[in-house]
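To keep things clear, I will list the structure first and then write my remarks on it.
The values are calculated or read from the model by the stated rules, or taken from the named source; none is laboratory data. In this text the structure is predicted, and so the values were computed from the model without any measurement. When we count neighbours, we look across all protein chains shown, and the Cβ atoms used for this are built from the backbone with ideal geometry, even at glycine. Ligands, DNA and RNA are excluded from the accessible area calculation, which covers all protein heavy atoms including side chains. Shrake-Rupley method; radii C 1.70, N 1.55, O 1.52, S 1.80 Å.
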Amino acid sequence: KLNTLITIEKDIRQSSKVIEKSIRQSYRQSEAFAQLISLVRFDAPLPPTRNWAASPDLLLTLHHHAHTSSPQVVLDLGSGLSTLILAKSAPAARIVSVDNSPEFAAKTTRILRSHNITNVDLRVAPLNAHSSGVDWYQSSALAGIDEIDLLFIDGPPGSKNPHARHPAFDECLHLLSPRAIVIIDDIGRDGERELAQKFADALPNHTLEFLDHEKGTAVLLPR
């Protein structure tokens with residue numbers, strides 16, 4: 001009976017830790033979202049920031065760097081709420097957003113229209129076999145893009161293949177401007193963390209920082 005009670009107590013403690021962590025995370029996201037809506041003027045309601053959508057802490061980071069660095073060219077790999085935040089935060093920039101899903105691209109288009117966004121070139125690019133051995137956006141997706149000042153990597157979907165987003169290194173590195181900022185979502189996963197390190201190794205004049213966000217974020221900044 002004593003062993004049973006000890007086991008129950010351990011289970012309760014473990015459950016309490018999980019609940020406490022969840023509450024703390026929810027509070028942090030609420031803080032970030034409150035700051036975001038106070039800093040950015042929105043013209044229509046926002047979609048939920050849960051599940052597949054970018055988390056508020058990441059969106060706040062995107063806003064900060066897009067707003068303060070005044071980029072001329074922004075590449076957004078994986079469309080969604082992040083596209084809206086980038087467009088709002090850098091209204092003078094040319095923003096190219098790439099998505100492999102016509103369904104998600106259509107949703108993003110509706111969001112952008114509802115907020116009167118006109119500086120986004122949204123491209124639907126099916127996934128094709130890449131020389132790296134994984135599927136990535138078809139080559140025409142990056143046509144006419146160079147001197148990227150802000151690169152945000154949140155696609156294609158990487159939950160099933162840890163290297164799904166690695167072709168971004170081969171395809172985008174030579175397109176970056178010297179002052180480029182690179183932001184990568186989902187650093188809580190090994191594949192994205194490895195991708196961030198690859199960029200860091202190839203950009204010796206940049207610093208790499210891992211942010212303790214809900215899903216983990218990597219930010220590479222010019223020194």
* Space enclosed by the convex hull of the alpha-carbon atoms of the chain, per residue, Å³ -> 148 Å³
* Asked: Can you tell which of Gly191, Gly155, Gly144 shows the greatest fluctuation in a Gaussian network model of the chain with Cα springs below 10 Å?
  -> Gly144
* To do: Please identify, among Val40, Val96, Val73, the residue showing maximal mean-square fluctuation in a Gaussian network model of the chain using a 10 angstrom Cα cutoff.
  => Val40
* Asked: If one computes the Cα centroid of region 139-210 and of region 30-51, what distance in Å separates the two points?
  -> 25 Å
* **Cα-Cα over 24 Å, subset of Lys17/Lys198; Lys21/Lys88; Lys107/Lys215** => Lys17/Lys198; Lys21/Lys88
* Pop the C-beta distance of Asp43 and Thr68 into the FRET formula with R0 = 25 Å and round what comes out to the nearest 0.05. => 0.65
* Accessible area of Val219 in the full protein assembly, 1.4 Å probe (Å², nearest 10) -> 0 Å²
* To do: Using the heavy atoms of the protein chains and a 1.4 angstrom probe, tell me the accessible area per residue for region 79-223 in square angstrom.
  => 45 Å²
* What order do Thr68, Thr207 take when sorted by accessible area (1.4 Å probe), most exposed first? -> Thr68, Thr207
* Could you tell me what percent of the DSSP beta bridges with both partners in region 108-223 are antiparallel, to the nearest 5? => 70 percent
* To do: In nm, give the distance between the simple-model label positions of Lys21 and Asn3, each being 7 Å from the Cα along the Cα-to-Cβ direction.
  => 2.8 nm
* Structure fact -> Gyration tensor on Cα atoms of region 93-223, a ≥ b ≥ c root eigenvalues, a/c under 1.5 rounded, else prolate if a/b beats b/c, else oblate, says rounded
* Structure fact -> Of every hundred units of 1.4 Å-probe accessible area on the chain, the number belonging to carbon and sulfur atoms, as a percent, is 53 percent
* Which order do Ile187, Ile12 take when ranked by solvent-accessible area (1.4 Å probe, heavy atoms of all protein chains), largest first? -> Ile12, Ile187
* **Electrostatic dipole magnitude of region 1-138 [Cβ: Lys, Arg +1; Asp, Glu -1; Cα centre; debye, to 20]** => 360 debye
* Suppose every K and R has +1 on its Cβ and every D and E has -1 on its Cβ; what is the size of the dipole of region 80-223 about the Cα centre, in Debye to the nearest 20? -> 420 debye
* **Accessible surface, per residue, of region 1-67 when the full set of protein chains is kept, probe 1.4 Å, Å²** => 75 Å²
* **In Å², nearest 10: area of Ser22 left accessible to a 1.4 Å probe** => 70 Å²
* Dipole in debye (nearest 20) - region 159-223, about Cα centre, beta carbon charges: Lys, Arg +1; Asp, Glu -1 -> 120 debye
* Three-way shape label, region 39-120, alpha-carbon gyration tensor, a/c 1.5 -> rounded
* To do: With all protein chains present, calculate the accessible area of Val124 using a 1.4 Å probe and round the result to the nearest 10 Å².
  => 70 Å²
* Keeping every protein chain in place, order Tyr27, Tyr137 by accessible area at 1.4 Å, biggest value first, i.e. largest first. => Tyr27, Tyr137
